[in-house]
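In what follows, a single structure is set out as structure tokens and then discussed.
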């Protein structure tokens, strides 16, 4: 969606000179608060499982994936919602749903209630990610890949800060219920962002903007969607299970499990902030193939029983390897289909979310039969599948979409 469309209902000065940096800063804060989807369930899983009687690994896996179910359900319609509601109302509704979902989890008396709250949290988060990515790509048309990586890096910057907060709360003996209430207080202000900067209101798509059906018929669309599905599996599967794996399978404390997730998040941040420069120097092929291959090796090595430090090292390296896959794919899709509207980003985001839903649940089911180590190791297959799909995509000419853009 071009920026001239997004700001069509604003005053002339706002249309010509939208406060790009202020918008980027505020939206990055909103992205950073999304870390609660991973940090809350992952770091509190052992105590929540004991309190809510989640005895099976399959139950734990379903709970870890629950927020992403909500994301997957609503994200596909998020572009349509942004066009009809406008970004101000969209962000207000999103913050309200996320805050309510976290409070429901905090008050849960059984696993079903906790999962319901997590799904509601995912609903609220799913309304935002794709439309905000489309908005930033539209106001930074000369640097889509760079701004997508920076924006998505703040998810892991937020994850890092939230893990530090959780460790502090653990130190003061806060319960998991109090922790989730604290997360709710951090997300609530996101609903006010639309009142601080001139975000676009409801819009109608212009003639020159390709609708999703037209884009879906172009070469490479299906491969991008399939590729980001497997990138979502590789990124979220280990992330969701990492603290529990370190705590239970390796045999350490709950705090050390959180530290393991912190190391993973820090390398994700470093990777996503440096990927734009690497793309300019080496091109997207080396980011996709190199990152996918290193992800497969890191997952396989992390589960070997070579001690806790080996596990933490390889899982930390995994964070660096996987960091550039999804946001670079988003930027590449924006370049390959430059006239597509926000629904393109919604579909791509939904595919990644489906991978995020599938991975934790699949690991839990396999773990009940084979054990947690083989279950996590199986995610290396998803990384290899990503390489195969993206390699085929890069061999396809993109002339049709660029010709249309011209």
Hey, does the range 66-85 have a residue that's out of contact with any helix residue (DSSP H, G or I) (no Cβ under 8 Å at 6 or more places or on another chain) and more than 22 Å from residue 41 (Cβ to Cβ)? yes
Could you tell me whether any residue of the range 141-151 is under 18 Å from residue 72 (Cβ atoms), in contact with a helix residue (DSSP H, G or I) (Cβ under 9 Å, 6 or more places away or on another chain), surrounded by 21 or more Cβ atoms within 10 Å (Cβ to Cβ) and touching a residue at least 60 places away in the same chain (Cβ under 8 Å)? no
Going through (1) in contact with a helix residue (DSSP H, G or I) (Cβ under 7 Å, 6 or more places away or on another chain); (2) more than 18 Å from residue 69 (Cβ to Cβ); (3) not in a helix (DSSP H, G or I) one by one, residue 191 fails only at (3)
Just wondering, is there one or more residues in the range 73-92 that are modelled with pLDDT of 90 or more and in a helix (DSSP H, G or I)? yes
Among the residues of the range 100-128, write down those that are in a helix (DSSP H, G or I) and more than 19 Å from residue 48 (Cα to Cα). 123, 124, 125, 126
Taking into account only those residues within the range 218-236 that are farther than 16 Å from residue 350 by Cα and out of contact with any strand residue (DSSP E or B) (no Cβ under 9 Å at 6 or more places or on another chain), which is modelled with the lowest pLDDT? 219
Considering each of 132, 162, 186, 169 in turn, give the residue that is over 22 Å from residue 359 (Cα atoms) and over 20 Å from the mean Cα position of the chain (by Cα). 169
Look at residue 94 and say whether it is touching a residue at least 60 places away in the same chain (Cβ under 8 Å) and more than 19 Å from residue 360 (Cα to Cα). yes
If I filter the range 300-318 for residues that are at pLDDT below 85, out of contact with any helix residue (DSSP H, G or I) (no Cβ under 6 Å at 6 or more places or on another chain) and over 19 Å from residue 263 (Cβ atoms), do I get at least one hit? yes
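Here's the yes/no breakdown for (1) farther than 13 Å from residue 127 by Cα; (2) buried (at least 20 other Cβ atoms within 10 Å of the Cβ):
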position: 53; (1), (2): yes, no
position: 61; (1), (2): yes, yes
position: 69; (1), (2): no, yes
position: 75; (1), (2): no, yes
position: 79; (1), (2): no, yes
position: 84; (1), (2): no, no
position: 90; (1), (2): no, yes
position: 95; (1), (2): no, yes
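The values are calculated or read from the model by the stated rules, or taken from the named source; none is laboratory data. From a predicted model like this one, the values you see are computed outputs, not experimental measurements. We place every Cβ from the backbone using ideal geometry, glycine too, and count neighbours over all the protein chains shown.
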